[in-house]
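What follows draws every value from the coordinates through simple rules; no lab data is involved. As the structure is a prediction and not an experimental result, all values here were calculated from the model. Every residue, glycine as well, gets a Cβ built from its backbone with ideal geometry; the counts of neighbours run over all protein chains shown.
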Amino acid sequence: MATMNTKLSPVDVEKRKTLDIRAGDTVRVWTKIKEKDGKIRLQAFEGIVLSRKHGIESGAMFTVRRVASGVGVEKIFPLYTPSIDKVEIIRRARVRRAKLYYVREKAAKEIKRKMRSEIYKNVPEEKEVAAVEVETESKSE
């Protein structure tokens, strides 16, 4: 019986196993997107890794979060999917948690704080209002 050297998956499984993605890393994931005319193009999704689940087994996944136009966007990528072309680790961060889900609430709190400060910037202070009233009274006399 001759052994056949066939490849079952288009993904280099051994290379993906050695890919050391951890929570806190900033990564750029290049995904293949099929367009209407049949062409395949690559699209990058860059963000911070919130979690890595199921180690290196066949169902392994990692979650990437990015803020696009002021809105938080999260994508969950299966590690061994053929739709991922490559994963680049841009930056490593030292974190003290395995899952960084608290970043979601933290980002929302920061946005609320910024909005609150913007509201107060647009409201004139009492001294400015008083100065305007004094100027109008002196002109009318």
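With both labels modelled 7 Å from their Cα along Cα-to-Cβ, the E46 to R94 distance reads 2.5 nm. Normalised by 2.2 N^0.38 Å, where N is the number of residues, the alpha-carbon radius of gyration of the stretch 27-113 equals 1.22.
Loop-located GluC sites (Glu not before Pro) across the stretch 1-91 with a Cβ neighbour count of 15 or fewer within 10 Å are E35, E57, with loop assigned by DSSP. To the nearest 0.05, what FRET efficiency results for D20 and Y101 with a Förster distance of 22 Å applied to their C-beta separation? E(calc), rounded to 0.05, equals 0.55. By other beta-carbon atoms within 10 Å, ranking F62, F77 with the fewest at the front produces F77, F62.
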